[in-house]
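For reference, the structure is listed below as structure tokens.
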Amino acid sequence: MTNRRRPVSTRWIVYLVLVLGALFFLLPVYLVVVTAFKAPADIRLATAWHLPETWHPQSFVIAWEAFAPKLRNSMVLAVSATAIAAVLGSLNGYVLSKWRFRGANVIFPLMLFGMFIPYQAILIPLFGFLRDIGLYGTLQGLVLTHVVYGLPITTLIFRNFYAEIPDEMLEAGKIDGAGFFGLYWWIVFPLSVSGFVVVVIWQFTQIWNEFLFAVTLTRSATEPITVALAQLAGGEAVRWNLPMAGAILAALPTLIIYVVLGRYFIRGLLAGSVKG
Amino acid sequence: MRMKILLAFVLSVGLSVASAQELEIFSWWAGDEGPALDALIELYEAQYPNVVVENATVTGGAGVVARAVLKTRMLGGQPPDSFQVHAGEELIGTWVVANRMEDLTWLFEEEGWLDVFPPDLIDLISTDGGIWSVPVNIHRSNVMWFVPENLEAWGVDVPTTWDEFLEVCSSLQGQGVTPLVVGESWTVQHLWESVALAELGPDAYGQLWTGDLSFTDPSVVATWERFGEVMDCTNDDASGLSWQQATDRVVDGDAAFNVMGDWAAGYMVTTLGLEPGVDMGWAASPGTDGVFMVLSDSFGLPVGAPNRDEAIDWLRVVGSLEGQDAFNPLKGSIAPRLDSDLGRYNAYLQSAAEDFANDRQVGSLVHGTAAKESFMSEFATVMEIFLDTGSAQAAASAAEAVAIQTALGR
Amino acid sequence: MRRLTRDRLTAILMLSPSLILLAIFVYGFIGQTLYVSLTNWGRDPAQALALQPRLEFVWFENYARLFSGVLESRFRQDLVNLFFFTTFFIAGSLGLGLVFAIALDRDVKGEGFFRTVFLFPFALSFIVTGTVWRWMLQPQGGLNVLPTLVGLPRGDFAWLTSRERIWTFDWRSLPDITAVVIAAVLVLLTVMAWREGRRGRAATLAAAAALLSAWVATGAPGIELLPFPEGRGFNLALVGIIIAAIWQMSGYTMALYLASLRGVPEELRESARIDGGSELQVYRYVVFPLLGPITLSAMIILGHVSLKIFDLIFAMTGPDLATTSVPALLMYIRAFRANQFADGAAIAMVLLLMVATVIIPYLVTSLRGEVRR
């Protein structure tokens, strides 16, 4: 076989695979959108795939009314928990990569283990703890929870990120008389922008999508969107237009982030596998 | 200057929020059962216009999800001001024994409720230490629903015993109709309690919960066998259906019968707009004519309710004649109050009220009346063992094991 | 350089709040859960919801009951469900991810579009995915009626509501099955040790394998899990949940594989082609061996996601459908609805143990490798 170029015959197989794959991923999207725009009376199982006879956007209005406060809860929660965990993670990563101390090799894996545990294993004491300090049922309590369990991953990402900064730069800074915070503020932090973007996107998405803590630690006034959606879609006689419209509303923020900042999203995803 | 205006504005907003009173009501009446609760809340708001009512509902029939959320909140020290709870063991065996409820005897005396609620019902919500909740409705669990027109077309009569049902079962299946439709897990248990009542009769059925009749008694084993035969006549996509969707199957003519509590009447009349007795018909579930399997929703006052005064006013509305007659016609239930105005109720509810007055009454298992909640929640496991193995003996042994483990009847 | 300067002290001080928080929230709380799992919290309803519950210590009673109590069949079913879910979920996500990654790596038009489409579900929550797929998998609608659009007959698989079960086995034979599997692994290790010329180790391994086999052959004395047979197997209702999970996560493995494939030097492939290798052989002998480490990483990440799976099932089939339930879901229901906190804690500890056996070796080896680098 002298033809070192890929044989033409395999090209169409590749495209077939890709198109079938795209269908697999997009079919549910199609179904969600057409269902969300149908009038409740037009939704029949047998004609689920048909386009709406009349487009009926009211479901979004109803879902929005029900969800607006929950979306606000999720936004407050995700933004504040992400910001705090990112700042702490950045400092931790700086310490662990540039101020290595005896025992760091033991402490770091112990920290990392915290991001893998099934949270059921800490849920009962966590619940009791938040109750005892008066934060059960509040958004602050949920923020605290997400900050703490977000620390391992943010620390990990920043630590790996800062490992790329040459030690010589810091040495030069030290000679100029900069201390711990000086080095961080003038050298490390300015180089961290894309690290912050990666961490912020990752954590925001994770927290926005989280369910177990949300359902256990909040009450109806403070529950985030995932809990509200599970409520709307679960149990009762389901008119599927509302859950579908609700699912779209719940998914939009992270989807937008993903589409706009996909590159950083993938970096976060790779960082999540420890070695990157 | 601008700062001052801003400050004044902020202060006034803060004050106006602080002066509004609040009341949080917790229930699982969302969606189709919502209008009835809304009517009650409207009545409350009309009487107490300065109170903002937070209607916290958690969807899921029979409270399968709501109970988890409620308990989490109670454990978390953040009780709602008042919450829905089934009268009977769910109230007494779960909340009262844990000292989580306030005694309402004084309220019953003050409002004169001791004379207007049926004594049997008051027994259900009382212990030696007090009266613990205000009943808002009476539901019947053992009702079979159908569409008369469809039955005629299929050439089927309403069965009065399970034997008769099994006879029409194959004829219906031959016509491509599901003889009996069931839905998610708890609705299957709901069917079981009606079958068990029919097979055992009201006396023996009652003895199960007091511990006087063993679950491994041959008569009880036989109920499981009968239940298995009945289940052979049901749809195979049960677990995907809510109770409303199961009711829809009957209304749409995909299924002939459905055994469900009479909240199904509320759904069919209030939500679907059907005419009782014309578009839909009912009968006591096979073999249980003359017996009324009762369950009652009630509202209680948890210890530590943040807005206790508002909650007490809420309970006054819940127990009032006006409140009950606003709520129940929409909910598809009858008012527990003996002085209720039956003229406001539809044909089904009038017949239910008559049956309630004349029939023998027994308690529902699945809806928290008959047995303590620890038994009830483990009963799901028993059902699963039965559906899994198809063995009546295995189910009976498992039920007996649960009864021993949870000290049923003691 | 290692002496304790003020800056070094500041560094440790800056780290300590995080360390203290994690020490409490991770290790302290795990310890507390372990304690709760050894008590009877929840047995007595009066104590279950009491403000200051009085707990009694019962040692490992709760664990024993989970594995061999007649009434805990749901937990055992959940464990078996989890096993099958994990197996197929990982295999499916890796397989699909690899196929898509290879396809995308072949200079296709519209690569950016396809990549975006394959990965977007990863940005969604399991609740959204579950809600959507619950609608997709309605037995009389969704996927089942899709073929009718092109004139084909309707599908009739019951998806989430199916009660069918295949590959059934008796729970009581679990010790035997486990022992046989371990024995097989030991035999494999024996052969490997023998080939490496480590005779002593091979002998030890062979002896252990023989002992285990003998134990099984004599009817596994010493373990009596249940007094009667309990059928377990792969519940077909799980298939729908597995598909939804793969839909959500295969884009993730695709991204991992794609990053790795891009890291395979083109010269390596070229030289293999010059040596006369066909495209398949290039993958077989050059590319795939280089994907080993990332496959392991992906397996571990997916494995721990899978062991923790809870919200997807909650959204798809609710809390009470035993055929699709998993331990993580059961723990929530047990602890927070039935208020059997001790049982819930015991289930959580079993879960933790499973995750730890996967994660700890991974953390240790990957960080050790890092230090060496």
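The values are calculated or read from the model by the stated rules, or taken from the named source; none is laboratory data. Just so you know, these numbers come straight off a predicted model, no measurement behind them. No Cβ is skipped: glycine too gets one built from the backbone with ideal geometry, and neighbour counts run over all protein chains shown. Note: accessible area is taken over every heavy atom of the protein model, side chains too, but ligands, DNA and RNA are not part of it. Shrake-Rupley method; radii C 1.70, N 1.55, O 1.52, S 1.80 Å.
How many of the residues making up the stretch A:48-60 are within 14 Å of chain C (Cβ to nearest Cβ) and either surrounded by 17 or more Cβ atoms within 10 Å (Cβ to Cβ) or of a type in the set (Lys, Arg) (or both)? Summing the residues that are within 14 Å of chain C (Cβ to nearest Cβ) and either surrounded by 17 or more Cβ atoms within 10 Å (Cβ to Cβ) or of a type in the set (Lys, Arg) (or both) in the stretch A:48-60 gives 3.
Could you identify the single residue in C:Ser366, C:Ser306 that is within 28 Å of C:Arg262 (Cβ to Cβ), among the polar types (S, T, N, Q) and at pLDDT 90 or above? Don't jump to the end; show me each part of the working.
Values: C:Ser366 fails: at pLDDT 90 or above.
Within the list C:Ser366, C:Ser306, the selection yields C:Ser306.
Among the residues making up the stretch B:239-258, those that are open to solvent by 10 Å² or more (accessible area, probe 1.4 Å) and under 24 Å from C:Thr324 (Cβ atoms) are B:Ser239, B:Gly240, B:Leu241, B:Gln245, B:Asp248, B:Arg249. Of everything listed in (1) within 30 Å of C:Gln52 (Cβ to Cβ); (2) away from every other protein chain (no Cβ under 14 Å), the single unmet condition for B:Val69 is (2). For the stretch B:216-229, the criterion of being in contact with a Leu (Cβ under 8 Å, 6 or more places away or on another chain), crowded, with 24+ Cβ neighbours inside 10 Å, of a type in the set (Val, Ile, Thr) and more than 30 Å from B:Ile312 (Cβ to Cβ) is met by at least one residue. Answer yes or no: is there a residue in the stretch B:74-85 that is surrounded by 22 or more Cβ atoms within 10 Å (Cβ to Cβ), more than 14 Å from chain A (Cβ to nearest Cβ) and assigned to a helix (DSSP H, G or I). No: the stretch B:74-85 contains no residue that is surrounded by 22 or more Cβ atoms within 10 Å (Cβ to Cβ), more than 14 Å from chain A (Cβ to nearest Cβ) and assigned to a helix (DSSP H, G or I).
When the residues of the stretch C:279-313 are filtered to those that are open to solvent by less than 40 Å² (accessible area, probe 1.4 Å) and touching a Gly at 6+ places or on another chain (Cβ under 8 Å), the one that is nearest to C:Thr129 (Cα to Cα) is C:Leu312.
The criterion of at least 2 residues that are under 30 Å from C:Gln340 (Cβ atoms) and within 12 Å of chain C (Cβ to nearest Cβ) is met by the following helices (runs of 4 or more DSSP H) wholly inside the stretch A:78-184: A:120-132, A:139-162.
Per the conditions (1) open to solvent by 10 Å² or more (accessible area, probe 1.4 Å); (2) at pLDDT below 90, the sole criterion not satisfied by C:Leu353 is (2).
Looking at the stretch C:315-335 only, could you name the residues that are under 24 Å from C:Thr253 (Cα atoms) and more than 7 Å from every other protein chain (Cβ to nearest Cβ)?
Step one: list which residues in the stretch C:315-335 are under 24 Å from C:Thr253 (Cα atoms), which gives C:315-316, C:326, C:328.
Those that are under 24 Å from C:Thr253 (Cα atoms) and more than 7 Å from every other protein chain (Cβ to nearest Cβ): C:Met316, C:Val326.
Note on the stretch C:183-202: residues that are open to solvent by less than 60 Å² (accessible area, probe 1.4 Å) and farther than 19 Å from C:Ser173 by Cβ amount to 6.
Please verify whether the stretch C:145-155 includes one or more residues that are surrounded by fewer than 20 Cβ atoms within 10 Å (Cβ to Cβ), in contact with a helix residue (DSSP H, G or I) (Cβ under 9 Å, 6 or more places away or on another chain), outside any loop (DSSP other than H, G, I, E, B) and modelled with pLDDT of 85 or more. The answer is yes; a qualifying residue exists.
Just to be sure, is C:Leu312 more than 14 Å from chain B (Cβ to nearest Cβ) and closer than 30 Å to C:Asn62 by Cβ?
Numbers: more than 14 Å from chain B (Cβ to nearest Cβ): yes; closer than 30 Å to C:Asn62 by Cβ: yes.
Answer is yes for this residue.
Residues in the stretch B:300-337 that are open to solvent by less than 10 Å² (accessible area, probe 1.4 Å) and of a type in the set (Ser, Thr, Tyr): B:Ser333 alone. Selection of the stretch B:259-299 for residues being touching a Lys or Arg at 6+ places or on another chain (Cβ under 9 Å), assigned to a strand (DSSP E or B) and buried (at least 24 other Cβ atoms within 10 Å of the Cβ) yields B:Met293, B:Val294, B:Leu295, B:Asp297.
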